[in-house]
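J.: Can you keep this structure in mind? I'll have questions shortly.
The values are calculated or read from the model by the stated rules, or taken from the named source; none is laboratory data. Note that this is a predicted model, so its numbers are computed, not measured. As a convention, Cβ positions derive from the backbone with ideal geometry for all residues, glycine included, and neighbour counts pool all protein chains shown.
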Amino acid sequence: MKLDWIAGTTIAVIMAMNVPALSWAQSAPLTAVLENPRRDDDRARDIYRNPGETLTFFEVEPDHVVIEALPGGGWYSRILAPYVSAEGGYMGITYPMDVYERIFGARMDNPGFRARFADWENAFPSQVEQWGGVLNGTARFGAVPAGMEGRVDRVLYIRALHNMARFDMIDTAVNDAHALLKPGGIVGVVQHRAPADEVDDQATGSRGYLREADVIAAFEAGGFELVGKSEVNANPDDPADHRSGVWTLPPTLALGDDNREAYLAIGETDRMTLKFRKPE
């Protein structure tokens, strides 16, 4: 970490204990990005998503090249892109088209809807620019360009692994991260967490939840070392047994007014936060 105003031994102790990253350890550049007015509409979710603590735990620094998996609507992109664009670099990786077809089915027959995903490489740079950053590269899972291999300091899977698991692409997620990262680079995972004793057919990703042990096993099998776990994104009030899976809870509230106040009281899902390193 480049936190010159905190003793290196203190940081070493914090990381060795695997305690959640603390707000006082957050760097001034990251604080400035989090407080930027462009995030005014996003900030209500910070209480659940803890971006400052999470990115500090993943040791993301302004001079890093960072690739974000499945940027989606850009909630984390609006933090990451301006944070690293000036000194490091921001990249995105998304699904191949056949996975979008499996997710959306007949909706992909609509040319306008399909174009949102087929033209992503052309449309995403202007979105990143609106978010205060510059896009330095794009990729599709399973087809990482040779020019991106070994260039990346951090690969972030933030609520991004459940569909990868659902469509038998966990190995692809792991292998692509390994190819993208420099030796010593880090994969950061934030993922909806199923109970440790959840039955197999409820922990496939189809409900959004995965078992922590399964995620760890997949990355370790792919050559990564687990170097940290944090409970910064945990929510003990989430029983992880909802009728519509993770989408039952906010911000989606898939059941509408059905038990809405109870789901709002729970808040967003219980999430694992894991840090893996590619060996030097």
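J.: Take segment 187-225 and flag every residue that is among the acidic types (D, E) and farther than 11 Å from M272 by Cα.
T.: Selection gives D197, E198, D200, D201, D214, E220, E225.
J.: Then there is this: Is there any pair with a first residue in segment 240-256 that is at positive phi and part of a helix (DSSP H, G or I) and a second that is of a type in the set (K, R) and surrounded by 14 or more Cβ atoms within 10 Å (Cβ to Cβ) whose Cβ atoms are under 7 Å apart and which are 6 or more apart or on different chains, and what are they?
T.: Every condition considered, the pairs that remain are G245/R207.
J.: Something else now. Can you tell which of D258, D197, D238 is acidic (D, E) and buried (at least 17 other Cβ atoms within 10 Å of the Cβ)? Quick ask: steps written out before the conclusion?
T.: Values: D258 fails: buried (at least 17 other Cβ atoms within 10 Å of the Cβ); D197 fails: buried (at least 17 other Cβ atoms within 10 Å of the Cβ).
None of the other options fit; the residue is D238.
J.: Something else now. Output the strands (runs of 3 or more DSSP E) that fall wholly within segment 124-199 and possess 2 or more residues being touching a residue at least 24 places away in the same chain (Cβ under 8 Å) and either more than 21 Å from Y90 (Cβ to Cβ) or in contact with a Cys (Cβ under 9 Å, 6 or more places away or on another chain) (or both), or say none.
T.: Qualifying strands (runs of 3 or more DSSP E): 181-194.
J.: Okay, next question. Out of the residues in segment 1-23 meeting the condition of being in a helix (DSSP H, G or I) and under 22 Å from R271 (Cα atoms), tell me which one is modelled with the lowest pLDDT.
T.: Let us first name the residues in segment 1-23 that are in a helix (DSSP H, G or I), namely 8-17, 23.
Imposing the further condition that a residue be under 22 Å from R271 (Cα atoms) reduces the set to 14-17, 23.
Working: I14: 34, M15: 38, A16: 38, M17: 40, S23: 42.
Result: I14.
J.: Tell me yes or no: at least one residue of segment 220-231 is part of a helix (DSSP H, G or I), among the acidic types (D, E) and under 26 Å from T56 (Cβ atoms).
T.: Keep residues of segment 220-231 that are part of a helix (DSSP H, G or I), which gives 220-221.
Narrowing further to those that are among the acidic types (D, E): 220.
Applying the additional criterion that residues be under 26 Å from T56 (Cβ atoms) yields 220.
Yes, some residue in segment 220-231 is part of a helix (DSSP H, G or I), among the acidic types (D, E) and under 26 Å from T56 (Cβ atoms).
J.: Restricting to segment 155-191, name every residue that is buried (at least 23 other Cβ atoms within 10 Å of the Cβ) and among the polar types (S, T, N, Q).
T.: Scanning segment 155-191 gives a single hit, Q191.
J.: Now for a different question. Which condition does G208 not pass, out of (1) in a loop (DSSP other than H, G, I, E, B); (2) at negative phi, if it passes all the others?
T.: Every condition holds for G208 apart from (2).
J.: Another one. Going by the conditions given, is R102 surrounded by fewer than 21 Cβ atoms within 10 Å (Cβ to Cβ), touching a helix residue (DSSP H, G or I) at 6+ places or on another chain (Cβ under 7 Å) and over 20 Å from A179 (Cα atoms)? Before you say what the answer is, go through the steps one by one.
T.: On the way: surrounded by fewer than 21 Cβ atoms within 10 Å (Cβ to Cβ): yes; touching a helix residue (DSSP H, G or I) at 6+ places or on another chain (Cβ under 7 Å): no; over 20 Å from A179 (Cα atoms): yes.
Against the criterion (surrounded by fewer than 21 Cβ atoms within 10 Å (Cβ to Cβ), touching a helix residue (DSSP H, G or I) at 6+ places or on another chain (Cβ under 7 Å) and over 20 Å from A179 (Cα atoms)), R102 does not qualify.
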